[in-house]
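**Student:** Provided herewith is a single structure, encoded as structure tokens, for subsequent inquiry.
All of the numbers you see were taken from the coordinates with simple rules; none came from a lab. Everything numeric here is computed off the predicted structure, so don't read it as measured data. Cβ sites come from the backbone with ideal geometry, for glycine too, and all protein chains shown count toward neighbours.
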Amino acid sequence: MPNKHPTKIKKTNLPSKMCPVCLRPFTWRKKWEKNWANVKYCSKRCAKQKAAS
């Protein structure tokens, strides 16, 4: 049976970034697929904290 998702990436190989607010690494998520280059914060909470500062 052929693989349905030949471009599937293992979770251990997902790209990650550092959040500038909490300084924790965060990993790529499916919802950020088209916008990964513009993602800066790990969560809405960190984005709000940065905006408040």
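**Student:** Given the Cα-Cα distance of TRP36 and LYS48 and 0.36 nm per residue of separation, how much length would full extension add, in nm? Numbers along the way, then the final one.
**Tutor:** Numbers: separation 12, 0.36 × 12 = 4.32 nm, distance 1.87 nm.
Using 0.36 nm per residue and subtracting the Cα-Cα distance, I get 2.5 nm.
**Student:** Arrange the peptides 9-20, 37-48 so that the one whose residues have, on average, the most other Cβ atoms within 10 Å appears first.
**Tutor:** Details: 9-20: 9.9, 37-48: 13.0.
Ranked from most to least packed, the peptides come out as 37-48, 9-20.
**Student:** If you don't mind, there's one more thing I want to ask. Give the Debye-formula value of log10 I(q)/I(0) at each listed q (0.19, 0.35 Å⁻¹), with one equal scatterer per alpha carbon of region 11-50, two decimals each.
**Tutor:** So the normalised log intensities work out to -0.52, -1.26.
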